[in-house]
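For reference, the structure is listed below as structure tokens.
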Amino acid sequence: QVQLVESGGGLVQAGGSLRLACAASGIDFSINAFGWYRQAPRKQRELVAAITSGGYTNYADSVKGRFTISRDNAKNTVYLQMNKLKHEDTAVYYCKPEGWSRAYWGRGTQVTVSS
């Protein structure tokens, strides 16, 4: 059974930082790519960053230079380091294995950036 548990969200002032973590189980972690997504109120869920099994990364234009995705295969965990946070980064953040025919989602973690 695939389980994804996101953590690390919270309330932070604009300009601050947070580090999100996504612990995955029930999956062959090291061979899978992962993406971090976010969904703000009244908006569609969007891809923020992704990382391949080999460690290649890509980012949405809105977060380039501020967010960094990484992975620790020994811990079955994907991270999202978020720096220079802006009010518009406020959203629920989710992680997901990429390239699967079925989408598996965790409950997400709320990030709120006060301006």
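Quick rundown of the values:
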quantity: The range 3-115: C-alpha pair distances exceeding 16 Å, %; calculated: 55 percent
quantity: Percent accessible area from carbon and sulfur atoms, the chain, protein chains only, probe 1.4 Å; calculated: 46 percent
quantity: Probe 1.4 Å, protein heavy atoms only - accessible area per residue of the chain in square angstrom; calculated: 55 Å²
quantity: 21 Å Cα-Cα reach of Lys86 towards lysines, excluding residues that sit fewer than 8 places from it in its own chain; calculated: Lys43, Lys64
quantity: Within the chain, longest stretch clear of exposed trypsin sites (Lys or Arg not before Pro) (DSSP loop, no more than 13 other Cβ within 10 Å); calculated: 1-41
quantity: Reduced Cα scattering model of the range 15-70, Debye log10 I(q)/I(0), q = 0.18 Å⁻¹; calculated: -0.71
quantity: Accessible area in the full protein assembly, largest first, 1.4 Å probe, for Asp89, Asp72, Asp28; calculated: Asp28, Asp72, Asp89
quantity: Cross-link partners of Lys75 among lysines (Cα-Cα below 23 Å; sequence separation of 8 or more within a chain); calculated: Lys96
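The values are calculated or read from the model by the stated rules, or taken from the named source; none is laboratory data. Since we're looking at a predicted model, the values are computed, not measured. Positions of Cβ are generated from backbone atoms using ideal geometry, with glycine treated the same way; all protein chains shown enter the neighbour counts. What goes into the accessible areas is simple: the full protein's heavy atoms, side chains included, and nothing from ligands, DNA or RNA. Shrake-Rupley method; radii C 1.70, N 1.55, O 1.52, S 1.80 Å.
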